[in-house]
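Shown next, in C-alpha cells, is the structure this report addresses.
Values quoted throughout were computed directly from the atomic coordinates according to the rules given, and no laboratory measurement underlies them. Just so you know, these numbers come straight off a predicted model, no measurement behind them. For neighbour counting, all protein chains shown are included, and Cβ atoms are generated from backbone atoms with ideal geometry for every residue, glycine included.
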Amino acid sequence: MKILMYSIFAFDKSFIENTTHGKLEIEYTDKSLNEDTAILAKGYEGIALFTADDASDVVLEKLYLLGIRYIALRSVGYDHINIMKARALGIKVANVPAYSPYSVAEHAVALLMALNRKITLGQKLMQMGDYRLDNLIGFDLHGKKVGIIGTGKIGAAFAKIMHGFGCQILAYDPQINEELSKQINISYSTLEELCKNSDVISVHCPLNSETKYMFHKSYFNMMKKGVIFINTARGSVVNTEDLIMALKSGKIGAAGLDVYEKEKNIFFGNHMDKKFEDNLYTILRAFPNVLITGHQGFLTNEALQGIANTTIANFNAWSYAGICENEIN
C-alpha cells in the first residue's frame, strides 16, 4: 500500500521512520491537506492526517476520485474530518484511540502550576532585576476542589495527579469511570454544580456537536470568582469571546490554554515575520494571567512513538486484512 503523510513535522517524522512499516510505501509532505493540496494524493491508496488538516466534504470527494480509500488520523480527535461523508464514499477512517494519557494530563498540571504560582511573571520580574514577592502570591492546591470535564484516559490521569496533591475531585461526564471511582475519591455531579463549586476547572472532553461552546457566558458566570480554568482538549469547546469577558470581569482568575478555536491558522507554523490578523487571539494572549501553549500537550517521546506505532499499525491492518480495529464507526 502506498501512503502519503500530510502535515509532517520534524518532531514526528523520525518516530514514524523508526516504526516497522511492513509492506507499506510511505512518502511525506509538509503541506497540510485542503482543496488545493488534495491532488498530491494522486497515485496513493491511503493518506495520514494531522489535526490541522481539512478533510471536509469537498476535499473527501476529491480524494475519493484520486483513489484514496484509507485515511489514518495521527490523533485521537476526528473533528477535522467528516466521518459521515467518508463512510458514504466508502473511505475507511481510523484514529489513534489512545496514546500516553500522561502527556496531556501532565501538561495541564504544568499550566495550572505555572499560573497559580506566577512562574512566568516571577521569571520576567527577575530578568528585570525585581525580586519583590508582592505580586507572586498563589494558593495551596491541597484541599481545593478541582473540577474535571471528561474522565476518559487523559481526564483520569489528571484526576489521579490532582488526588496526589490532596485535592477534592469533582467530575462531569455522561459516562462514569467506574474504575477511576474505585481508585480515588471522586464525586460526579452536573456541569452546573461543578462550575459553582470548583476552585480549578480542567477540560478533557472531545469536541463534538454536544460539546462545542460547552463553556460560554452562562457557565462562566456560575464559576467561583478567581477560578483557574485549564483547557488542553479542543479550542472550540470554549467560546473565546465569552472567556475574554470572564477574564476582564475577574470571574476567571487565570486561564491556561493549550488549544484555541481558530488555531489552525496559527499553531504549528513559524509566524515570526508575520502580523497576526486574529484580533480575538491578540486580545486573549495579551492578558498577563493567560498562559497559551501551541497545542503541545501531546509532545512527549512516549506519546509521539505511540501515535506513530498505531498509525502504521492501522495501515498494516488494512493492507493485510482490509479491516482495522481502530476504524471510526
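Observations
- Nitroxide proxy distance, nm - points 7 Å out along Cα→Cβ at Met113 and Ser187: 2.7
- Its relative contact order, with pairs defined as Cα atoms under 8 Å and 6+ residues apart, puts the chain at 18 percent.
- With the simple spin-label model, which puts each label point 7 Å out from Cα in the Cβ direction, the Glu178 to Ser56 separation comes to 4.3 nm.
- One chain, two ends: Met84 and Leu65. Fully extended at 0.36 nm per residue, the span grows by 5.1 nm beyond their Cα-Cα distance.
- Checking the cross-link pairs Lys31/Lys264; Lys31/Lys262; Lys145/Lys212; Lys248/Lys275; Lys248/Lys274; Lys153/Lys251 against a 20 Å limit on the alpha carbon distance flags Lys145/Lys212; Lys248/Lys275; Lys248/Lys274; Lys153/Lys251 as lying beyond it.
- Of the GluC sites (Glu not before Pro) in segment 1-103, those whose Cβ has at most 10 other Cβ within 10 Å and which sit in DSSP loop: none
- Spin-label model distance (nm) - His271 vs Phe9, 7 Å beyond Cα toward Cβ: 1.4
- Nearest-0.05 FRET efficiency for Asp134 and Tyr320, computed from C-beta distance (R0 51 Å): 0.20
- Rounded if a/c under 1.5, otherwise prolate or oblate - segment 213-308, Cα gyration tensor axes: oblate
- Alpha-carbon Rg/Rh ratio, for segment 102-148, with Rh computed the Kirkwood way: 1.07
- Selected from Ile148, Pro206, Ile252, residue furthest toward positive end of dipole (segment 101-292; charges at beta carbon): Ile252
- Lys/Arg +1, Asp/Glu -1 at C-beta; the chain dipole; positive extreme among Phe139, His21, Leu66: Phe139
- Per residue of the chain, the DSSP helices (runs of n ≥ 4 H) give a summed -39500 (n - 2.57) that works out to -10500 deg cm²/dmol at 222 nm.
- Segment 108-192: trypsin sites (Lys or Arg not before Pro) in DSSP coil with no more than 11 other Cβ atoms inside 10 Å: Arg132
- Within segment 239-329, the trypsin sites (Lys or Arg not before Pro) that combine a DSSP coil assignment with at most 14 other C-beta atoms in a 10 angstrom radius are Lys262, Lys274, Lys275.
- A Förster radius of 25 Å combined with the Cβ-Cβ distance from Gln123 to Lys217 puts the calculated FRET efficiency at roughly 0.15.
- Seen from a random direction on average, the alpha-carbon convex hull of the chain projects onto 18.2 square nanometres.
- Segment Asn197-Lys2, extension gain: residue separation times 0.36 nm, minus the distance between their alpha carbons: 64.9 nm
- Only Lys, Arg (+1) and Asp, Glu (-1) charged, at Cβ; segment 1-151 dipole about Cα centre in debye: 340
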